[in-house]
Amino acid sequence: TAYEITYGDWSSDVCSSDLYSRLLAGAMWPVAALLVFFSPHMLRLWLQDAALAEAVAPLVAPLALGAAMSGVLTLPNQLLMAAGKTAPLLKGYGGLFLVYVPVLAVLIGQYGSLGAGYAWLGLTTFCVLGLAPAVQAGVLSNKEIRRWLFGAVMFPLSTSLAVAWLGASLAPDSRTASDSELMLTAGTAVICTLAVVVLAIYRVPLPKVAR
């Protein structure tokens, strides 16, 4: 069913926010999944140093997923600002900042850059699964919040990770593969990622604009 968007109508603003959140998610999650599972291959091909690629690759996964989590929050946050509900948003992020900074300091002291990466992933995951639904409750119904969580987070994330994991399980070992094998693997991964992006966007209903 296509959305019907009418300018100046709040329900249409909600529908358009949901629509473009799903479009954004369809572009971001496959790329994040690609970086999670294929970063050793791509780093080895780029850096031409197997040891360095192996050392850097674990940091890519939390940073990529955290960036995607942060990205899917963009439109819900803008919807809250459009509704004039900035106070819950500022209070929520302010409280998280007070918690995040000491946690970040502890994790960096214990685990270095990897600790910082997972602190970022933990922060953004909590924002998506906890803070965003809580602050959106003032402007959206429970059904609309669940639709956003499923359409923009759960479904595209799980699909992207499943496809990327399947591809990585069939790929050669990045530590022993030749450059030609790495190039073939990276090219195949990119093509699969683009296919998932196209499929995800194709599945999103287009809006009908009414003036």
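The values are calculated or read from the model by the stated rules, or taken from the named source; none is laboratory data. Please read these numbers as outputs of a predicted model, since none were measured by experiment. Every residue, glycine as well, gets a Cβ built from its backbone with ideal geometry; the counts of neighbours run over all protein chains shown. Side chains included, ligands, DNA and RNA excluded: accessible areas come from the protein's heavy atoms. Shrake-Rupley method; radii C 1.70, N 1.55, O 1.52, S 1.80 Å.
The number of residues in segment 38-47 being over 20 Å from the mean Cα position of the chain (by Cα) and touching a residue at least 12 places away in the same chain (Cβ under 8 Å) comes to 4. The residue list Leu89, Leu80, Leu114 contains one member that is among the hydrophobic types (A, V, I, L, M, F, W, C) and at pLDDT 90 or above, which is Leu114.
One residue stands out among those in segment 76-96 that are open to solvent by 70 Å² or more (accessible area, probe 1.4 Å) and under 20 Å from the mean Cα position of the chain (by Cα): the one that is farthest from Ala25 (Cα to Cα), which is Tyr93.
Rundown of residues vs (1) of a type in the set (A, V, I, L, M); (2) open to solvent by 30 Å² or more (accessible area, probe 1.4 Å); (3) touching a Gly at 6+ places or on another chain (Cβ under 9 Å), yes/no style:
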site: Leu114; (1), (2), (3): yes, yes, no
site: Thr124; (1), (2), (3): no, no, yes
site: Leu129; (1), (2), (3): yes, yes, no
site: Phe150; (1), (2), (3): no, yes, no
site: Pro156; (1), (2), (3): no, no, yes
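Evaluated against (1) open to solvent by 60 Å² or more (accessible area, probe 1.4 Å); (2) small (Gly, Ala, Ser); (3) in contact (Cβ under 8 Å) with a residue 12 or more places away in the chain; (4) farther than 25 Å from Gln136 by Cβ, Ala50 falls short on exactly one condition, (1). Could you give me the residue pairs with C-beta distances under 8 Å whose first residue belongs to segment 177-189 and is surrounded by 15 or more Cβ atoms within 10 Å (Cβ to Cβ), whose second residue is among the basic types (Lys, Arg) wherever it lies, and which are 6+ apart or on separate chains? Listed pairs, sorted by first residue: Ala177/Arg44; Leu182/Arg44. Residue count for segment 17-45 under the criterion of being touching a Phe, Trp or Tyr at 6+ places or on another chain (Cβ under 7 Å), of a type outside the set (D, E, K, R) and either open to solvent by less than 20 Å² (accessible area, probe 1.4 Å) or not in a helix (DSSP H, G or I) (or both): the result is 2.
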